[in-house]
Amino acid sequence: MGAYDTCNVLQISVTLLLTLSTCFAYTDLDALMKLKSSMVGAKGSGLEDWKHSLSPFGHCYFSGVSCDENYRVVSLNVSFLHLFGKIPPEIGLLKKLVNLTLANNSLTGKLPIQMANLTSLKNFNISNNVFQGNFPGEITLGMTNLEVLDAYNNNFTGPLPVEVVNLKNLNHLHLGGNYFTGEIPESYSKIVSLEYLGLNGNALTGKIPASLSLLRNLKGLYIGYFNTYQGGIPPEIGLLSNLQRLDMASCNLSGEIPASLSNLTNLDSLFLQRNHLTGHIPPELSLLVNLQSLDLSINELTGEIPGSFASLQKITLIHLFDNQLRGPIPSFVGDFPDLEVLQVWGNNFTLELPENLGRNGKLLILDVTSNHLTGLIPRDICKGGRLKALILMQNFFIGPIPEGLGDCKSLIKIRIMKNYLNGTIPAGIFNLPEANIIELNDNLFTGELPSEMSGDALGKLDVSNNMLTGRIPSAIGNFTDLQTLSLQMNHFSGELPEEISNLKLLSTINISANNLTGEIPPSIVGRDSLTSIDFSRNNLLGEIPRGIAKLIDLSILNVSLNRLTGPIPNEIRFMTSLTTLDLSYNDFSGRIPAGGQFLVFKNSSFAGNPNLCPPRPAPCAYLANLAKSSGHRHAASFNTSNLIITVISLVTVLLLIVVTVYRMRKKRLQRSRAWKLTAFQRLDFKAEDVLECLKEECIIGKGGAGIVYRGSMPDGLDVAIKRLVGRGSGRSDHGFSAEIQTLGRIRHRNIVRMLGYVSNKDTNLLLYEYMPNGSLGELLHGAKGGHLQWETRYKIAVEAARGLCYLHHDCSPLIIHRDVKSNNILLDSNFEAHVADFGLAKFLQDAGASECMSSIAGSYGYIAPEYAYTLKVDEKSDVYSFGVVLLELIAGRKPVGEFGEGVDIVRWVKKTISELSQPSNAASVMAVIDPRLSEYPLAGVIHLFKIAMMCVEDESSARPTMREVVHMLTNPPQSAPSLVAL
């Protein structure tokens, strides 16, 4: 029996089954009401106007429903309604449906076989849902009129459906964004009516079939992203003469770019980025005269930009970054009449930028970072007033900034640090209304900052390590959205302006290594958004301002090498977020306060203060001398009456102490009775059992939010007890509300399980499952880090990624962690990873949206650039932090503190690989790999390294989602054998 006969028999069998199952007289209204009951929105909402009606055509007025003249439903479109649930079998009763669109919801389950009854369908769109299982291709056998089949972005698995080959009218087939495996069927070349084929974002393998060249009507071919094909681009693809868009990005392609692609003369977009393509860029591609977008970035291409490319007169976007290209950027690039985006960073380009670059008046983005370019910045770079990003950092540019850039009101990013630029900075640079990042550091600029400055959008201003002079202008306080101010290593003088206190969102301020005088403005303590203060290496006078403890989020305070005096404020003891304190080489006096946060600080933090004394009970020569001189003056007047008064006073104090201790014990007993245990599952212990574990010897960790204890319960269960301070809301509850709202409602194998909490009016105690192996950070960066070998590290990466993926993609609303770091990934007895510490977590209602925070939260070295600069946070901020964790696993280094001042692990890695004489993937990995690893699969490490570098892209839009990260981690290239049991 042939394949055709088999399909007919299967179709007849399915039809008979469906006929028997639908013998009851259901109407279209009944079917719609069943759909309503099965597909509901949040809290039961959704499809509210779908109500029973006595009218025979009332259902035709339901939202999203259209009927024919016989009141039969012919169109059903319920997209973007955030519906949950499953498609019920009764969908098969709507036999007259021509259009079925259920896109952009959260529908789950498998597609019901009864959908095979929808034989009139022309448009079938279930994209952007959570459908799972194998795609039932047999339901399409009777859909002979089907023109559009769109199942993009679901969770379908198994092989691609081959039954669609029989759909002779199909012109749009999109099966991308799923988890399909296996090879692209050769038979797909028989769907000759296809104009659009999307198979991108799956787990497909094998070679790309050369037979796809038979699809001569094809206009769009999308087969890249996370598929891992073998071999290169079939030269036969050049026969698709009607092709307008070819997207084969990020799918493990190797070899050279075939010159035959030059035959695709209708092509407007060619995307081949993120592969392993080698060789030169074919000069023949200049025949693509309709080409508008060219992306060959993140490959291993060599040679120069072909001179023949001058004929690409319609080009608007050129992405050649992160290759091994060399030579000059041809002058004709500046002549392209429609060029908007030129990104060629991370290559070996030399000589000058084209003098006429930007003269077309349309340039939006220019990024030439990390090349060997020199010469002047083109004067007409912003001629059309449209330039948004000017990124020239880490080159050898010379001369002044063109004065016209100060009038470029469209600029959002100016990043021209680490060059040899000189002269004065145009005053207009500090008055750009849209700019959110201005980085001019590490150049040779001179002169003073302008007296007039403004900009409501500016989040980061960095002019450090130049030769700027004069006073810091008071107008600095006009940058009301500023979060990072870096003025260090210049020659500024005078006093720090009081207007600094106007910067209500300021998180980091560094004015070190200048010639500043005067006192620290007392108003600085009112900026409770501050997390880092560095006033070191100046000539500041006076005392540390009172109320410094109001800076509850401050983690770094450095005022070393000044002339500060007075005592060290005792209130610093209570600054639990403060992890780095440097008061060295000043003129502080008195005793160093004892206890509290001072237990964390090193002795070197107080060096070079001759009048400073250690905490009690250590002797203090300075105080002894003061007491001795005072004693000589009063010895003569000390007589018997003084002795009697002293004895009476001592007895009185002793009695007061006894009464106070008695009252405190009584109050503690009363308070313990007020403790309440709230459990999220069955617990066989009481609040009193938890309180018994709050002892010094049970402490296993301390952090900014509180102390963690290990508790052994009477039933033998070990729990982790996190003691938080305060019972307020918002920021003052140290994350209690966030932890309860998140961990109290979610369950996942790779997210730490909250057992419950114990609380009274003063204190909250959170109860978690105990993790015997502690945190990844403590283990990896501790003495036993060398025992953590590659197989375990990769396994931890996969498991942590799955936990974050659950938060981002399977929770509704999605949850942003905001403090992803190695210390917040806990390891159980089997070294299985569990994401922990949700004290900073936020709910985000719309995936892809962002939310503005009032201040930066998170940990140094892990904070995404856009979060640090703009305070906008979304799930891609977590992705960046996770990328840092991956770099820790690879390099075995801490995120900060090992690479010099102001350098984190991301910058160190990028700098290290940029300095390689013969760069390659293997060389990059070998340059940063943890030397404690005794053995590892090089290809596997390269795979993880590439994922890490994708995650820490500066632009959040360039980072993968956590779902994509999990997919990449669990589907390594065949040359990199997986070390994870899936």
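Listed options for Rg/Rh (Cα atoms, Kirkwood Rh) are (i) 1.03; (ii) 1.13; (iii) 1.10. The value calculated from this structure is the one marked (i).
Rounded to the nearest 5, what is the percent of antiparallel bridges among the DSSP beta bridges in the chain? Once the DSSP bridges in the chain are tallied, antiparallel ones form about 30 percent. Pairs of Cα atoms nearer than 8 Å and 6+ residues apart set the relative contact order; for region 131-268 it is 17 percent. As a proxy for reagent exposure, Val879, Val98, Val965 were ordered by neighbouring Cβ count within 10 angstrom, fewest first; the result is Val98, Val879, Val965.
You can think of it this way: the chain between Asn169 and His280 has 35.9 nm of extra reach, that is 0.36 nm per residue less the Cα-Cα gap. For Glu256, the residues 5 or more places off, or on other chains, whose built amide H falls under 5 Å of its own are Thr278.
When only alpha carbons of region 462-554 are considered, Rg and Dmax amount to 12.2, 34 Å.
When the chain is described by a simple charge dipole with +1 on each Lys and Arg Cβ and -1 on each Asp and Glu Cβ, the residue from Leu325, Ile552, Leu938 located farthest towards its positive end is Ile552. Here Asn830 and Lys784 are evaluated by their C-beta separation; at R0 = 25 Å the FRET efficiency comes out at 0.95. Candidates Leu583, His174, Gly224 compared by Cα position along the dipole of the chain: farthest toward the positive end lies Leu583, with charges placed on Cβ. Placing a label point 7 Å from the Cα of Leu376 along the Cα-to-Cβ direction, the residues of region 335-369 whose backbone N falls under 11 Å from that point are 355. Under a 5 Å amide H cut-off, with hydrogens placed 1.01 Å from N, Gly133 pairs with Thr157 among residues at least 5 apart or on other chains.
If R0 is taken as 22 Å, the Cβ-Cβ distance between Val162 and Ala210 corresponds to a FRET efficiency of 0.75.
Dipole orientation for region 776-970: of the candidates Gly897, Val879, Val965, Gly897 has the Cα lying most toward the positive pole (charges on Cβ; Lys, Arg +1; Asp, Glu -1). Using only Cα atoms, locate the centre of region 318-386 and the centre of region 462-520, then give the distance between them in Å, rounded to an integer. So the two Cα centres are separated by 33 Å. When +1 charges are put on Lys and Arg Cβ atoms and -1 charges on Asp and Glu Cβ atoms, the dipole computed for region 776-970 relative to its Cα centre reaches about 300 debye. When each of Cys805, Cys408 is scored by the number of other beta-carbon atoms lying within 10 Å, the sequence from fewest to most is Cys805, Cys408. Calculated from the alpha-carbon coordinates, region 776-970 shows an Rg and a Dmax of 15.9, 48 Å respectively. Candidate cross-link partners of Lys190 among the lysines, defined by an alpha-carbon separation under 20 Å and a same-chain spacing of 8 or more, comprise Lys122, Lys168, Lys207, Lys219. Restriction of the trypsin sites (Lys or Arg not before Pro) in region 46-100 to DSSP coil positions whose beta-carbon has at most 12 other beta-carbons within 10 angstrom yields Lys51. Determine the distance separating the Cα centre of region 231-308 from the Cα centre of region 389-438; give it in Å without decimals. Using only Cα atoms to place each centre, the spacing works out to 34 Å. Computed about the Cα centre, the dipole magnitude for the chain is approximately 3220 debye when only Lys and Arg (+1) and Asp and Glu (-1) carry charge, each at its Cβ. Peptides 543-555, 600-612 ranked from most to least packed give 543-555, 600-612, packing being the mean of other C-beta atoms within 10 angstrom over each peptide's residues. Listed from fewest to most Cβ neighbours within 10 Å, the set Asp247, Asp828 follows the order Asp828, Asp247. With a simple spin-label model that places each label point 7 Å from the Cα along the Cα-to-Cβ direction, the separation between Thr424 and Lys95 comes to 8.5 nm.
Each value in this text was obtained by applying a stated rule to the coordinates, not by laboratory testing. Being a predicted model, the structure only gives us computed values, none of them experimental. FYI the Cβ positions are ideal-geometry reconstructions off the backbone, even for glycines, and counts take in every protein chain you see.
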